[in-house]
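Student: Before anything else, here's the structure in question.
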Amino acid sequence: MSSNDTADTLRAYLTSVKEDLMTGVSFMIPFVTIGGIFLALAYAVGDTQTVFENTGSAGWFLAQIGTAGLTIMVPILGGYIAYAIADRPGLAPGFLLAYLLQQGAVIEQAALVVGLSGGSSGAGYLGAIVAGLVAGYVARWFKSRDVPGVIQPMMPVLIIPVATMAVAAPLLLFVLGVPVAIANQSLTTFLETMQGGQAIVVGLILGGMMAADMGGPINKVAYVFATGLITEGIYAPMAAVMIGGMVPPIGMALSNFIAPHKYEAEMYENAKSGIPLGLAFITEGAIPYGAADPLRVIPSVVSGSAIAGAMSMALGVTMPAPHGGVFVVLLSNKPLLFLASLLVGTLVTAAVATLIKPDFEERINAETSSQSTQPTNN
């Protein structure tokens with residue numbers, strides 16, 4: 001096999017894994033949305049310190065709904081990653097294995113068996129991703145086996161799920177689960193205790209990633225990272241990610257309004273739709289600008305989103321809801337600072353784009369003259 005074939009195979013595999021992860025995330029998002037919003041409402045209605053103790057109160061009932069959503073979202077992630085890989089036979093093993101890896105007592109005992117310590121808080125969403133991938137690939141392997149026709153009807157509902165659990169459970173509990181749980185615990189501790197410069201750096205990275213490809217794989221990595229942390233009760237990265245994802249379409253639209261002569265005439269209509277798309281946290285609203293002039297637009301949106309994300313983290317802004325944009329801003333602990341970070345990032349993007357973009361007609365003329373001066377083959 002040539003190096004090109006190897007590269008193509010690897011690229012296809014990575015694309016497949018990304019699609020499987022995105023399937024899991026797409027099924028998980030409604031659960032985390034319900035959980036985050038209802039838990040935020042519980043804190044708004046009741047005292048954040050005693051809402052779980054005031055049984056029977058409105059805040060307590062809202063908190064139960066929110067906790068249920070955030071608890072089940074992690075197994076849902078693992079289950080539907082496995083489902084994306086192996087279809088129905090992978091769903092139950094992926095769900096159950098992801099659930100098992102969230103049980104701190106189970107992971108702690110597994111760690112003792114292999115001579116390690118730690119993992120008492122469970123493996124978190126990282127464990128769910130690993131569980132979903134392992135369960136999915138094991139189930140798909142069993143699914144590809146040739147079996148007698150009399151056994152075939154039992155394969156998807158009995159044999160494959162049970163066999164997958166029998167193979168994957170020891171692997172995940174005693175080999176992969178403990179290190180993932182320890183890593184998850186270390187990451188959680190770092191994010192909970194980070195201060196000053198650390199928070200700013202995290203915000204810069206997450207905000208910049210949200211704008212780098214405007215809804216592509218880099219954007220999704222940052223989004224999944226922040227969404228997963230909601231289950232750990234860490235909400236600041238989600239605020240940075242949401243603000244960073246809102247900046248590009250709004251900032252580019254503002255630049256278009258300020259300097260329409262620097263954009264193609266048709267782009268003015270994109271600017272009109274870019275504002276509501278950005279406010280709704282739909283980063284893809286900036287794609288028309290990025291596609292038309294990526295060398296200038298991408299640095300513009302990344303700079304604005306990175307600064308907005310850093311500002312959000314530095315100010316301690318949080319967001320318990322994974323989606324909604326400005327429509328869920330009141331769920332933030334600091335709504336005004338959330339909006340201030342968004343405004344600053346938007347202004348930075350608009351300013352940078354307006355400064356570095358030449359007049360549209362000048363750019364077209366320059367490109368045309370450059371093409372006309374290129375030597376032609378006789």
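Student: Yes or no: Glu232 under 22 Å from the mean Cα position of the chain (by Cα), within 23 Å of Gly316 (Cβ to Cβ) and of a type in the set (D, E, K, R)?
Tutor: So Glu232 passes the test.
Student: A follow-up question, please. Looking only at the stretch 248-302, filter to residues that are of a type in the set (S, T, N, Q) and in contact with a Pro (Cβ under 9 Å, 6 or more places away or on another chain); which one of those is surrounded by the most Cβ atoms within 10 Å (Cβ to Cβ)?
Tutor: Ser300
Student: I want to confirm something. Restricting to the stretch 193-225 and keeping residues that are closer than 16 Å to Ala128 by Cβ and in contact with a Phe, Trp or Tyr (Cβ under 9 Å, 6 or more places away or on another chain), which single residue is surrounded by the fewest Cβ atoms within 10 Å (Cβ to Cβ)?
Tutor: Phe225
Student: For the stretch 325-349, which residues satisfy the criterion of being crowded, with 17+ Cβ neighbours inside 10 Å and modelled with pLDDT under 95?
Tutor: Gly325, Val326, Val328, Val329, Leu331, Ser332, Asn333, Lys334
Student: Can you tell me which residue in the stretch 109-139 is nearest to Leu176 (Cα to Cα), limited to those that are more than 25 Å from the chain's Cα centre (by Cα) and surrounded by 22 or more Cβ atoms within 10 Å (Cβ to Cβ)?
Tutor: Filtering the stretch 109-139 for residues that are more than 25 Å from the chain's Cα centre (by Cα) and surrounded by 22 or more Cβ atoms within 10 Å (Cβ to Cβ), the one nearest to Leu176 (Cα to Cα) comes out as Ala110.
Student: Let me ask something else. Going by the conditions given, is Gly56 surrounded by 16 or more Cβ atoms within 10 Å (Cβ to Cβ) and either under 23 Å from the mean Cα position of the chain (by Cα) or over 26 Å from Tyr99 (Cα atoms) (or both)?
Tutor: It is false that Gly56 is surrounded by 16 or more Cβ atoms within 10 Å (Cβ to Cβ) and either under 23 Å from the mean Cα position of the chain (by Cα) or over 26 Å from Tyr99 (Cα atoms) (or both).
Student: Pull out all pairs, ordered by first then second residue, where Cβ-Cβ is under 7 Å, the residues are six or more apart or on different chains, the first lies in the stretch 106-125 and is on the phi > 0 side of the Ramachandran plot, and the second is of a type outside the set (Phe, Trp, Tyr) and in a loop (DSSP other than H, G, I, E, B).
Tutor: Gly122/Leu101; Gly122/Gln102; Gly122/Gln103; Gly124/Thr231; Gly124/Glu232
Student: Continuing with this model, one more query. Tell me which residues, restricted to the stretch 301-327, are closer than 23 Å to Glu192 by Cα and among the aliphatic types (A, V, I, L, M).
Tutor: Answer for the stretch 301-327, where residues must be closer than 23 Å to Glu192 by Cα and among the aliphatic types (A, V, I, L, M): Ala306, Ile307, Ala308, Ala310, Met311, Met313, Ala314, Leu315, Val317, Met319, Ala321.
Student: Counting just the residues of the stretch 119-170 that are under 16 Å from Leu101 (Cβ atoms) and not in a helix (DSSP H, G or I), which one comes out modelled with the lowest pLDDT?
Tutor: By that ranking, first place goes to Gly119.
Student: Can you tell me which of Ala98, Ala68, Ala63, Ala12 is assigned to a helix (DSSP H, G or I) and at pLDDT below 80?
Tutor: On inspection, the qualifying residue turns out to be Ala12.
Student: Give the stretch 313-359 a look and list any residue that's over 19 Å from the mean Cα position of the chain (by Cα) and outside any helix (DSSP H, G or I), or say none.
Tutor: If the condition is that a residue be over 19 Å from the mean Cα position of the chain (by Cα) and outside any helix (DSSP H, G or I), then Leu315, Gly316, Asn333, Lys334, Lys357, Pro358, Asp359 are the ones that fit.
Student: Could you please give the count of residues in the stretch 129-154 that are in contact (Cβ under 8 Å) with a residue 60 or more places away in the chain and aliphatic (A, V, I, L, M)?
Tutor: Looking only at that region, the number is 2.
Student: Scanning the stretch 312-324 for residues that are touching a residue at least 40 places away in the same chain (Cβ under 8 Å) and either surrounded by fewer than 24 Cβ atoms within 10 Å (Cβ to Cβ) or β-branched (Val, Ile, Thr) (or both), which turns out nearest to Pro276 (Cα to Cα)?
Tutor: Taking the candidates together, the pick is Gly324.
The values are calculated or read from the model by the stated rules, or taken from the named source; none is laboratory data. If you're wondering where the values come from, they're calculated on a predicted model, not measured in any experiment. Cβ coordinates were reconstructed from backbone atoms using ideal geometry, including for glycine residues, and neighbour counts include every protein chain displayed.
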